[in-house]
1. Which residue out of 30, 35 is in contact (Cβ under 8 Å) with a residue 60 or more places away in the chain, open to solvent by less than 60 Å² (accessible area, probe 1.4 Å), within 25 Å of residue 17 (Cα to Cα) and not in a loop (DSSP other than H, G, I, E, B)?
2. Quick one: count up the residues across region 79-91 that are over 12 Å from residue 106 (Cβ atoms) and free of Cβ contacts under 8 Å to residues at least 24 places away in the same chain.
3. Test residue 67 against the criterion of being touching a residue at least 24 places away in the same chain (Cβ under 8 Å), touching a Leu at 6+ places or on another chain (Cβ under 9 Å) and either closer than 22 Å to residue 119 by Cα or open to solvent by less than 40 Å² (accessible area, probe 1.4 Å) (or both), and give yes or no.
4. Identify, please: which residue in region 96-105 is without any contact (Cβ under 8 Å) to a residue 60 or more places away in the chain and open to solvent by less than 30 Å² (accessible area, probe 1.4 Å) and is, among those, nearest to residue 122 (Cα to Cα)?
5. Which condition number does residue 92 fail, the rest of (1) more than 12 Å from the chain's Cα centre (by Cα); (2) at pLDDT 95 or above; (3) acidic (Asp, Glu); (4) surrounded by 12 or more Cβ atoms within 10 Å (Cβ to Cβ) being met?
6. Select from region 51-72 the residues that are closer than 14 Å to residue 90 by Cβ and of a type in the set (Val, Ile, Thr) and list them in ascending order.
7. In the set 98, 58, 85, which member is in contact with a strand residue (DSSP E or B) (Cβ under 6 Å, 6 or more places away or on another chain) and over 24 Å from residue 129 (Cα atoms)?
Amino acid sequence: MAWRSKSKTRQKAIKEGYRSGFESKVAQQISKHKIDPKKIYECTTVPFTVPEKKRTYLVDFTLPNGILVEAKGRWTTEDRAKHLLIKKQHPELDIRILFMSAKTKIRKGSSTTYGDFCDKHGIIWAEKDLPKSWLKT
């Protein structure tokens, strides 16, 4: 059986057209800068190849300056592997991750946090609030 969230925040976000409450929060931050988040939400797809499999990655937010923002609460092993493949196959893209909590460990018992993983692999990241510098054109 698929996992289902009973969170009212997530349910509200889904009604607004987002996949998570955190994406909804990021959209609110973007709208404060007079940018319509609905116009930039999931409007960019990036093709990438998992060995022997063609896939596409639907970017959460494509900012007007070309920065691609992925809003992450949970960042699974599969998500991390996907981002490393995309980074390798599309070095020209400026993909950044906005974590709900960058201090979350990548797995139980690990000392590595989401932020540590990004630092190690050269992925630009921020925590909780969208940096204003990301919105500058």
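1. Only one candidate qualifies: 30.
2. 2
3. For residue 67, the condition - touching a residue at least 24 places away in the same chain (Cβ under 8 Å), touching a Leu at 6+ places or on another chain (Cβ under 9 Å) and either closer than 22 Å to residue 119 by Cα or open to solvent by less than 40 Å² (accessible area, probe 1.4 Å) (or both) - is met.
4. Filtering first and then ranking leaves 97.
5. Here residue 92 meets the rest and fails (4).
6. 56, 59, 62, 67
7. One residue alone meets the criteria, 85.
The values are calculated or read from the model by the stated rules, or taken from the named source; none is laboratory data. Worth saying up front: this structure is predicted, and the values here are computed from it rather than measured. Note that we place each Cβ from the backbone using ideal geometry, even for glycine, and neighbour counts take in every protein chain shown. Protein only, heavy atoms only, side chains kept; ligands, DNA and RNA dropped before computing areas. Shrake-Rupley method; radii C 1.70, N 1.55, O 1.52, S 1.80 Å.
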